[in-house]
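Engineer: Starting off with a structure, shown below.
The values are calculated or read from the model by the stated rules, or taken from the named source; none is laboratory data. In this text the structure is predicted, and so the values were computed from the model without any measurement. Counting neighbours? That spans all protein chains shown, and the Cβs are built from the backbone with ideal geometry, glycine included.
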Amino acid sequence: MSRAQERIGAWIGWAFFADLASALALTFGYMFSRSVTMQYPDKEKWLPYARYRGHHFLKRDQEGEIKCVACELCARICPCDCIEVIPYQDDKGNRRPAKFEIDMARCLFCGLCEDACPADAIALGQQYEFSSFSSRDLVIGRDNLLGKPGKAATGGGVVAARLNTEQDVLVETSEPHGYNWWRNIRQT
Amino acid sequence: MELIVALGLIVFKVALLIAILLLLPLPLTWLERKIAGHIQQRMGPMRVGWHGLLQPVADGIKLLSKEDHIPAEADRFLFKLAPILALAPPFVVFVAIPFGETVSVLGAEITLYVSNMNVALLFVFAVIGLEVYGVIFGGWAANSKYAVLGSLRTCAQMISYEIPMGFAVIGVVMLAQSMSLLDIVRAQADVWNIVYQPVGFFVFFVAGLAEAQRIPFDLAEAEGDLGAGFHTEYSGIRFAFFMVSEYAIVLLVSVLVVILFFGGWNGVLVPLPPLLWFVLKVAFFIYLFIWFRFTFPRYRYDQLMAIGWKVLLPLSMANIIITGIVLF
């Protein structure tokens, strides 16, 4: 097709609103495509990836003892100074933390404590729902940290969940694997 | 006795019409938000009722319970008058609009219109022209720069688009040899006017979009540059009045397009009840309005004026001349 013909074709298309029609067709197609909304916290919840840095947790060794040796390296490296460790000697003669407190209100989730730890005792886990009405409640102690969920095993998906407001506001889920959220994204 | 029955019937019809017009914005706002959401790959309202169906009711309660604020520097009388002036014309217009021929209820034939005026079309345009007063007063009385700019734009837009709109229907009147909407629909029993008057339909529909202040002609309430246009300063129930009148005009333009160009309640192929045909056609045009809103960007002010005066007006005049020559 010559350039003149192309130009005439473009003019005819312009006169009959070909551009507007193609726009309408596009939005019509989008209207019947899947919605990308994640219905959190009503129906769904995002499972983070294994690399996600959420709420800290303290690990135990095989005997069930806390791994932490209270070397205070995490407290040293912490850029916002939010970890406080006080060591003591337990009955086996090991150095263990008597007090291990993290002020979650100040933490910036950089993960440096995890990198610095020589005993592989502290890490940032998958939990991301720990908002509170009082910043005082965000100071988490040793026993609390031991009970926090660890790193995500699978992660990267949307699971069915339910908002529970009876005692505390909790988004509960029982599914271990989610569907891949990216499948809803329209590829054009 | 017959007089009382006839009067009672008219009062009942008017009451029903008002109730429908007042309640229709509720499903329409829900529909608009749902369609907007799905076009933008969202879900729209989901939390109040089944799929957010009760969201408009919640919004209505919210609007009713909000403070009815009048700005300190405002002209209080005009400020209070404007929403009513904006609300009344779309309601009055529906008196002249037929929704069908007759239905038989309990053996009695009941007409599906309040009155069959022989100048219905003229009445519609005359009354809808009054709509602009509500906008002018609302914008001026609020004493706010955004409101004044919005109302200035609205006035210019409404006045310049009413002319091609009025010209566009002359072709239809010529074909039907009547200004009564009932006769216009009856004249389309075999072939709809869209076949003979595609240009007239195009001009009327575009002018209708501008008249209803919908995208791509919603300069009056361009959120980006004017806040909310002429009703920037309104809140609570007065704001709701403006919203109701806006939806009533959307409905009115859809109804007029269907009556004038798409055969009213005349069906094709599928034998459905006439009233259902009418409702389906109107619903399609309302959907078209909403679909346009979330597809097109807004025209610039000079483009708006250029389209009105340099495109639609010559087109509608040419349409009149060609229709006249062909009929002659």
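Engineer: Exactly one condition in (1) outside the structural domain of A:Cys71 (by TED's automatic domain parsing); (2) surrounded by 12 or more Cβ atoms within 10 Å (Cβ to Cβ); (3) modelled with pLDDT of 75 or more is not met by A:Asn180; state its number.
Structural biologist: Condition not satisfied by A:Asn180: (2).
Engineer: Let me ask another. Would you tally the residues in region A:26-56 being more than 9 Å from every other protein chain (Cβ to nearest Cβ) and closer than 11 Å to B:Ile39 by Cα?
Structural biologist: Qualifying residue count for the region: 1.
Engineer: Going by the structure shown, is A:Gly29 modelled with pLDDT of 85 or more, on the phi > 0 side of the Ramachandran plot and surrounded by fewer than 17 Cβ atoms within 10 Å (Cβ to Cβ)?
Structural biologist: So A:Gly29 does not fit the description; no.
Engineer: Run B:Arg238 past the list (1) at pLDDT below 85; (2) touching a Pro at 6+ places or on another chain (Cβ under 7 Å); (3) part of a helix (DSSP H, G or I) and report the number of the one that doesn't hold.
Structural biologist: The failed condition is (1).
Engineer: What pairs can you find where one residue is in region B:276-296 and within 9 Å of another protein chain (Cβ to nearest Cβ), the other is surrounded by fewer than 16 Cβ atoms within 10 Å (Cβ to Cβ) and outside any helix (DSSP H, G or I), and their Cβ atoms are less than 6 Å apart, with a gap of 6+ or different chains?
Structural biologist: Partner pairs satisfying both residue conditions: none exist.
Engineer: Out of all the residues in region A:138-166, which are part of a loop (DSSP other than H, G, I, E, B) and under 29 Å from A:Glu84 (Cβ atoms)?
Structural biologist: Residues satisfying the conditions are A:Gly141, A:Gly147, A:Lys148, A:Pro149, A:Gly150, A:Lys151, A:Ala152.
Results for (1) surrounded by fewer than 16 Cβ atoms within 10 Å (Cβ to Cβ); (2) touching a residue at least 60 places away in the same chain (Cβ under 8 Å); (3) at negative phi, shown as yes or no for each residue.
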| residue | (1), (2), (3) |
| --- | --- |
| B:Asp68 | yes, yes, yes |
| B:Ala72 | yes, no, yes |
| B:Pro83 | no, yes, yes |
| B:Phe91 | no, yes, yes |
| B:Ile97 | no, yes, yes |
| B:Glu101 | no, yes, yes |
| B:Ser104 | yes, no, yes |
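Engineer: Still on this model: Sort out which residues of region A:78-104 are part of a loop (DSSP other than H, G, I, E, B) and surrounded by 15 or more Cβ atoms within 10 Å (Cβ to Cβ), and write them in order of number.
Structural biologist: Matches in region A:78-104: A:Cys78, A:Cys82, A:Met104.
Engineer: What is the residue count in region B:25-43 for residues that are of a type outside the set (Asp, Glu) and more than 14 Å from A:Ser33 (Cβ to Cβ)?
Structural biologist: Going through region B:25-43 one residue at a time, the tally reaches 10.
Engineer: Taking the condition within 23 Å of B:Phe294 (Cα to Cα), within 14 Å of chain A (Cβ to nearest Cβ) and modelled with pLDDT of 90 or more, does B:Leu31 pass?
Structural biologist: Against the criterion (within 23 Å of B:Phe294 (Cα to Cα), within 14 Å of chain A (Cβ to nearest Cβ) and modelled with pLDDT of 90 or more), B:Leu31 qualifies.
Engineer: Could you tell me whether any residue of region B:46-53 is more than 14 Å from chain A (Cβ to nearest Cβ) and either at pLDDT 90 or above or not in a helix (DSSP H, G or I) (or both)?
Structural biologist: yes
Engineer: Which residues, counting only those in region A:39-73, are of a type in the set (A, V, I, L, M, F, W, C) and exposed (fewer than 15 other Cβ atoms within 10 Å of the Cβ)?
Structural biologist: A:Ala50
Engineer: Could I ask something else about it? Looking at (1) within 14 Å of chain A (Cβ to nearest Cβ); (2) closer than 29 Å to B:Leu122 by Cβ; (3) among the polar types (S, T, N, Q), which one does B:Gln41 not meet, given that it meets all the others?
Structural biologist: B:Gln41 satisfies all of (1) within 14 Å of chain A (Cβ to nearest Cβ); (2) closer than 29 Å to B:Leu122 by Cβ; (3) among the polar types (S, T, N, Q) except (2).
Engineer: If we scan region A:1-16, do we find a residue that is part of a loop (DSSP other than H, G, I, E, B), more than 17 Å from the chain's Cα centre (by Cα) and facing another protein chain (nearest Cβ under 10 Å)?
Structural biologist: Checking region A:1-16: not a single residue is part of a loop (DSSP other than H, G, I, E, B), more than 17 Å from the chain's Cα centre (by Cα) and facing another protein chain (nearest Cβ under 10 Å).
Engineer: Still on this structure: Just the residues that are of a type in the set (Lys, Arg) and either within 10 Å of chain A (Cβ to nearest Cβ) or under 30 Å from B:Trp30 (Cα atoms) (or both), please, taken from region B:297-313.
Structural biologist: If the condition is that a residue be of a type in the set (Lys, Arg) and either within 10 Å of chain A (Cβ to nearest Cβ) or under 30 Å from B:Trp30 (Cα atoms) (or both), then B:Arg298, B:Arg300 are the ones that fit.
Residues checked against (1) in a helix (DSSP H, G or I); (2) in contact with a helix residue (DSSP H, G or I) (Cβ under 9 Å, 6 or more places away or on another chain):
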{"position": "B:Phe202", "(1), (2)": "yes, yes"}
{"position": "B:Pro216", "(1), (2)": "no, yes"}
{"position": "B:Tyr234", "(1), (2)": "no, yes"}
{"position": "B:Leu251", "(1), (2)": "yes, yes"}
{"position": "B:Leu280", "(1), (2)": "yes, no"}
{"position": "B:Phe289", "(1), (2)": "yes, yes"}
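Engineer: If a residue must be closer than 19 Å to B:Glu246 by Cβ, free of Cβ contacts under 8 Å to residues at least 60 places away in the same chain and surrounded by fewer than 18 Cβ atoms within 10 Å (Cβ to Cβ), how many such residues does region B:1-58 contain?
Structural biologist: Result for region B:1-58: 5.
Engineer: Here is a follow-up. Of the residues B:Ile321, B:Ile249, only one is within 27 Å of A:Phe17 (Cα to Cα), more than 14 Å from chain A (Cβ to nearest Cβ), surrounded by 15 or more Cβ atoms within 10 Å (Cβ to Cβ) and out of contact with any strand residue (DSSP E or B) (no Cβ under 9 Å at 6 or more places or on another chain); which?
Structural biologist: Answer to the check: B:Ile249.
Residue-by-condition table, conditions (1) surrounded by 14 or more Cβ atoms within 10 Å (Cβ to Cβ); (2) over 21 Å from A:Pro79 (Cα atoms):
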{"position": "A:Arg106", "(1), (2)": "yes, no"}
{"position": "A:Ala116", "(1), (2)": "yes, no"}
{"position": "A:Asp120", "(1), (2)": "no, no"}
{"position": "A:Ala123", "(1), (2)": "yes, no"}
{"position": "A:Val139", "(1), (2)": "yes, no"}
{"position": "A:Lys148", "(1), (2)": "yes, yes"}
{"position": "A:Lys151", "(1), (2)": "yes, yes"}
{"position": "A:Thr154", "(1), (2)": "no, yes"}
{"position": "A:Ala161", "(1), (2)": "yes, yes"}
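Engineer: Which of the residues belonging to region B:43-65 are basic (Lys, Arg) and under 27 Å from the mean Cα position of the chain (by Cα)?
Structural biologist: The one that is basic (Lys, Arg) and under 27 Å from the mean Cα position of the chain (by Cα): B:Lys62.
Engineer: Could you identify the single residue in A:Ala70, A:Ala75 that is touching a strand residue (DSSP E or B) at 6+ places or on another chain (Cβ under 9 Å), away from every other protein chain (no Cβ under 14 Å) and assigned to a helix (DSSP H, G or I)?
Structural biologist: A:Ala75
Engineer: Also, quick follow-up: Just to be sure, is A:Phe100 without any contact (Cβ under 8 Å) to a residue 60 or more places away in the chain and away from chain B (no Cβ under 14 Å)?
Structural biologist: For A:Phe100, the condition - without any contact (Cβ under 8 Å) to a residue 60 or more places away in the chain and away from chain B (no Cβ under 14 Å) - is met.
Engineer: Scan region B:253-267 for residues that are closer than 30 Å to A:Tyr30 by Cβ and part of a loop (DSSP other than H, G, I, E, B) and report the count.
Structural biologist: 1
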